[in-house]
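Below: one structure, written as structure tokens.
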Amino acid sequence: MQFKIILTSLAAISLISGCGAKSDGNISTPMAPLASPASPASPASPAAASPAAATSAATPTAEGGDDLKTAVRAYSDAFLTGKATKAYKLLSVRCQKRTSLSEFTGIVTAAKGLYGSALPLETYSAKVSGDLARVTYTYSVKAINQDSEPWTREAGNWHQDDC
């Protein structure tokens with residue numbers, strides 16, 4: 001969660017530039033596909049040889065398990081409480097390459113100034129397809145709600161991929 005409201009109010013710090021996001025008026029929603037180019041539905045994929053394997057692998061699951069929800073909470077808590085290094089480690093490798101720790105620290109510091117403490121999730125839902133997920137979660141502060149936020153599993157762990 002890059003907390004688009006923070007980024008909007010801090011126009012000098014742009015973490016989302018070049019992301020291919022669309023705006024619905026309230027929040028930027030990245031438009032990256034849920035499935036990767038080498039998804040199980042791909043004809044070149046070995047899973048495509050078995051219709052049952054292809055169906056189960058290509059069908060997004062509803063929640064993604066406790067490990068995804070735990071990662072979402074950890075990232076959110078670290079982001080809102082100003083723990084930049086901890087939150088940065090929960091970013092995907094792709095996002096870390098696009099944003100330096102120094103730049104990210106400025107954004108997280110601003111979030112701490114605005115919110116100062118971790119906020120409990122009011123709602124949570126996730127759609128997972130392989131190592132990719134889209135997570136929607138809300139707080140009591142509507143400005144930081146996340147809609148279809150991209151997450152990716154790298155080396156067995158979930159990482160926020162909204163950059």
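Charges only on Cβ, +1 for Lys and Arg, -1 for Asp and Glu: so what's the dipole of segment 64-163 about the Cα centre, in debye to the nearest 20?
Dipole size: approximately 200 debye.
Determine, for Lys97, Lys127, the number of other Cβ atoms within 10 Å of each Cβ, and report the residues in order from fewest to most.
Taking fewest neighbouring Cβ atoms as first place, the list is Lys97, Lys127.
Tell me, what ³J(HN,Hα) does each residue in segment 105-121 have, in order and in whole Hz, if you take phi through Karplus 6.51 cos²θ - 1.76 cosθ + 1.60 with θ = phi - 60° and put x for Gly and Pro?
4, x, 5, 5, 4, 5, 5, 4, x, 7, 10, x, 8, 5, 10, x, 6
Do the alpha carbons of any pairs in Lys86/Lys127; Lys89/Lys142; Lys69/Lys89; Lys86/Lys142; Lys83/Lys112 sit beyond 18 Å of each other, and which pairs?
Result: Lys86/Lys127; Lys89/Lys142; Lys86/Lys142 exceed 18 Å.
Which ordering of Glu149, Glu122 is given by a fewest-first count of other beta-carbon atoms within 10 Å?
Arranged by neighbour count, lowest to highest, Glu149, Glu122 become Glu122, Glu149.
Could you list which residues have their amide H under 5 Å from that of Ser148, counting only those 5 or more apart in sequence or on another chain, with H placed in the peptide plane?
Val135, Thr136, Tyr137
Arranged by the count of other C-beta atoms within 10 angstrom, fewest first, what order do Ser125, Ser102 take?
Sorted ascending by nearby Cβ count, the order is Ser102, Ser125.
Sort segment 64-163 into rounded, prolate or oblate with this rule: let a ≥ b ≥ c be the square roots of the eigenvalues of the Cα gyration tensor; rounded if a/c is under 1.5, and if a/c is not under 1.5, prolate when a/b is larger than b/c, oblate otherwise.
Oblate.
Roughly what % antiparallel, to the nearest 5, for the DSSP beta bridges in segment 65-163?
In segment 65-163, DSSP labels about 95 percent of beta bridges as antiparallel.
The numbers here are math on the coordinates, done by the rules we state, and not lab data. As the structure is a computational prediction, the values presented were derived from the model and not from experiment. Reconstructed Cβ throughout: ideal geometry from the backbone, glycine too, with neighbour counts over all protein chains shown.
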